[in-house]
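The values are calculated or read from the model by the stated rules, or taken from the named source; none is laboratory data. Everything numeric in this text was worked out from a predicted model, so none of it was measured. All Cβ positions, even for glycine, are placed from backbone atoms using ideal geometry, and neighbour counts span all protein chains on display.
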Amino acid sequence: MDMQCYDEQGRQLAGKTVPYKEAFAKGILHGASHVWMWRHSENGPEVLLQKRSSDKFTWPNCFDISAAGHIDPGEDPVTTAIREIHEEVGLAVREADMQFISTDRFRMDTPNGAIENEVCFVYLVELASDTHFVLQESEVAGLEWRSLDDFERETITEKSAQYVPHGDLYYARIAAAIRERAQQK
């Protein structure tokens, strides 16, 4: 499987792709889409966390983004986000349902020696309380709703090892964006 390459400014490099294993072995910059899903609850906003499958190459059994994936050759970030939501949690989402949050640059060395080097396009999707999911078992071990306050405490204050270590600034940006959207309702 090949992935789309990007430059340091977050621009797609037309016609330049890299095989998955080579990207992680050499730390080649590639694209990914991150989709954070949230809902209103009686106690305030909640974040949907994906527990990564034990078979995942990077960060197995850790809590992570609601749905995410690498950008395929020639694919745009929104199309990737919509595809990954459908594949991983079984939801049909339209572009109009998504709110763009940011473009981030990550470089993380994983415990297994892989190098995650990505330009990430980050989106929010608000879900209804009664949303039903169909999990892609090869990717997703489970889903859990977490209060926004608990999410912030666990990812930023405690830096829990249960989460993929995206970093304080990333997690703070996600929490702030969800809090802002929830207050607009």
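Could you tell me whether any residue of the stretch 156-166 is assigned to a helix (DSSP H, G or I) and in contact (Cβ under 8 Å) with a residue 40 or more places away in the chain? Checked against the condition, which is being assigned to a helix (DSSP H, G or I) and in contact (Cβ under 8 Å) with a residue 40 or more places away in the chain, the stretch 156-166 yields no hits at all. Taking the stretch 153-162 as the range and being surrounded by fewer than 14 Cβ atoms within 10 Å (Cβ to Cβ) and among the aliphatic types (A, V, I, L, M) as the test, only 161 passes.
Please work out if residue 123 is in contact with a helix residue (DSSP H, G or I) (Cβ under 7 Å, 6 or more places away or on another chain), closer than 30 Å to residue 11 by Cβ and either surrounded by 14 or more Cβ atoms within 10 Å (Cβ to Cβ) or of a type in the set (S, T, N, Q) (or both). So that I can check it myself, show each step before the final result.
Working: in contact with a helix residue (DSSP H, G or I) (Cβ under 7 Å, 6 or more places away or on another chain): yes; closer than 30 Å to residue 11 by Cβ: yes; either surrounded by 14 or more Cβ atoms within 10 Å (Cβ to Cβ) or of a type in the set (S, T, N, Q) (or both): yes.
It is true that residue 123 is in contact with a helix residue (DSSP H, G or I) (Cβ under 7 Å, 6 or more places away or on another chain), closer than 30 Å to residue 11 by Cβ and either surrounded by 14 or more Cβ atoms within 10 Å (Cβ to Cβ) or of a type in the set (S, T, N, Q) (or both).
Any residue in the stretch 57-78 that is in a helix (DSSP H, G or I), among the β-branched types (Val, Ile, Thr) and over 18 Å from residue 154 (Cβ atoms)? Give the derivation first.
Kept after step one, since they are in a helix (DSSP H, G or I), are these residues of the stretch 57-78: 77-78.
Remaining after also requiring among the β-branched types (Val, Ile, Thr): 78.
Now drop any that are not over 18 Å from residue 154 (Cβ atoms), which leaves 78.
Within the stretch 57-78 (the criterion being in a helix (DSSP H, G or I), among the β-branched types (Val, Ile, Thr) and over 18 Å from residue 154 (Cβ atoms)), the answer is yes, since at least one residue qualifies.
Does any residue of the stretch 132-140 turn out to be farther than 23 Å from residue 69 by Cα, in contact with a strand residue (DSSP E or B) (Cβ under 7 Å, 6 or more places away or on another chain) and assigned to a loop (DSSP other than H, G, I, E, B)? Scanning the stretch 132-140 turns up no residue that is farther than 23 Å from residue 69 by Cα, in contact with a strand residue (DSSP E or B) (Cβ under 7 Å, 6 or more places away or on another chain) and assigned to a loop (DSSP other than H, G, I, E, B). One residue is enough: does the stretch 16-25 have a residue meeting the conditions charged (D, E, K, R), surrounded by 16 or more Cβ atoms within 10 Å (Cβ to Cβ), assigned to a strand (DSSP E or B) and at pLDDT 95 or above? Within the stretch 16-25 (the criterion being charged (D, E, K, R), surrounded by 16 or more Cβ atoms within 10 Å (Cβ to Cβ), assigned to a strand (DSSP E or B) and at pLDDT 95 or above), the answer is no, since none of the residues qualifies.
Quick check on this structure: which one of 83, 146, 94 is at negative phi and in contact (Cβ under 8 Å) with a residue 60 or more places away in the chain? Walk me through how you get there before you give the answer.
Values: 83 fails: in contact (Cβ under 8 Å) with a residue 60 or more places away in the chain; 94 fails: in contact (Cβ under 8 Å) with a residue 60 or more places away in the chain.
Unique residue meeting the criteria: 146.
Can you tell me how many residues within the stretch 56-78 are among the aliphatic types (A, V, I, L, M) and more than 17 Å from residue 11 (Cβ to Cβ)? Here the count works out to 3. Scanning the stretch 87-112 for residues that are farther than 23 Å from residue 12 by Cα, in a helix (DSSP H, G or I) and not acidic (Asp, Glu) yields one hit, 89.
Taking the criterion of being surrounded by fewer than 19 Cβ atoms within 10 Å (Cβ to Cβ) and among the β-branched types (Val, Ile, Thr), would at least one residue in the stretch 140-152 satisfy it?
no
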